[in-house]
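Trainee: One structure coming up, written as structure tokens, with questions to follow.
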Amino acid sequence: MHPSTRRAFRGGALLATAALMALSLNVAHAKSVEKQNFVQLLAHTDSIVIGTVSSKTDGFQQGLPYTEVTVDVAQSVKGDHGATYTFRQFGLIEPKRTGDGRVNLMVTPAGWPTYAKGERVMLFLHQPASQTGFQTTAGLTQGKFSVHGGRVANDLDNDALFDGVRIQAPLSTQLRNLVKQPGGSYEAEAFFALVRQAVEENWIENGVMTDEN
């Protein structure tokens, strides 16, 4: 086989492999696009951080496109994290040249969370993928909560987040009112406190919080 033909074959095989892996990633998260309540989000969450997006960049990892996000961590609600937390999510920020004259168009898929430098967030993160290490939020945009003016909401404006959720634990009046909201933004510190309590007291594991749907 001529060297140029061999290189072209390897390049084509690499792109085909990347496409197949990308497809498998999309399939793996397909069910997460369905609306999830608080119990379902927590059940699919490996770590939770509160902080500010300090940087984002993109590139390729073994032919797969990624966006790398770094968060300056203010609070580690679930998981043991340092001052910063960095993760890679599938998809580029924008189309990118690959270095061989081609352009990779595999940007962040529609319906997946995107990030902006300086954005304050609370992230409910899936466990990193076993083969690639890529990571995204539980429920995709539902697991990314943005903080603005002391209020916090996900991409669905917290719609039905506590629908069907039953909590058998003593709650302050503020938290009782929060979980009764059908949707709309929450007072950020109150929501943070609720999440911390649910995690620290293992509400799901101990049957204190259940999904009645």
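Trainee: Is it the case that Gly164 is at pLDDT below 95, out of contact with any Pro (no Cβ under 8 Å at 6 or more places or on another chain), of a type outside the set (A, V, I, L, M) and surrounded by 12 or more Cβ atoms within 10 Å (Cβ to Cβ)?
Mentor: Working: at pLDDT below 95: no; out of contact with any Pro (no Cβ under 8 Å at 6 or more places or on another chain): yes; of a type outside the set (A, V, I, L, M): yes; surrounded by 12 or more Cβ atoms within 10 Å (Cβ to Cβ): yes.
No; evaluated as a whole, the condition is false for this residue.
Trainee: Please specify each residue of the stretch 115-146 satisfying the condition of being outside any loop (DSSP other than H, G, I, E, B), within 8 Å of the chain's Cα centre (by Cα) and hydrophobic (A, V, I, L, M, F, W, C).
Mentor: Within the stretch 115-146, Leu123, Phe124, Leu125, Leu140 meet the criteria.
Trainee: Still on this structure, please answer the following. Looking at this structure, is Pro109 modelled with pLDDT of 95 or more, on the phi < 0 side of the Ramachandran plot, under 14 Å from the mean Cα position of the chain (by Cα) and in a loop (DSSP other than H, G, I, E, B)?
Mentor: Details: modelled with pLDDT of 95 or more: no; on the phi < 0 side of the Ramachandran plot: yes; under 14 Å from the mean Cα position of the chain (by Cα): yes; in a loop (DSSP other than H, G, I, E, B): yes.
No.
Trainee: Mind telling me which of the residues Val195, Val179 ends up being at pLDDT 95 or above, on the phi < 0 side of the Ramachandran plot and open to solvent by less than 30 Å² (accessible area, probe 1.4 Å)? Talk me through it step by step, then tell me what you get.
Mentor: Values: Val179 fails: open to solvent by less than 30 Å² (accessible area, probe 1.4 Å).
None of the others qualify; the one that does is Val195.
Trainee: Please work out if Asp100 is open to solvent by 40 Å² or more (accessible area, probe 1.4 Å), touching a helix residue (DSSP H, G or I) at 6+ places or on another chain (Cβ under 8 Å) and at negative phi.
Mentor: Numbers: open to solvent by 40 Å² or more (accessible area, probe 1.4 Å): yes; touching a helix residue (DSSP H, G or I) at 6+ places or on another chain (Cβ under 8 Å): yes; at negative phi: yes.
It is true that Asp100 is open to solvent by 40 Å² or more (accessible area, probe 1.4 Å), touching a helix residue (DSSP H, G or I) at 6+ places or on another chain (Cβ under 8 Å) and at negative phi.
The values are calculated or read from the model by the stated rules, or taken from the named source; none is laboratory data. Remember, predicted model here, so these are calculated numbers, not experimental data. Don't worry about glycine lacking a Cβ; one is built from the backbone with ideal geometry, like all the others, and counts go over all protein chains shown. SASA here: full protein model, heavy atoms, side chains in, ligands and nucleic acids out. Shrake-Rupley method; radii C 1.70, N 1.55, O 1.52, S 1.80 Å.
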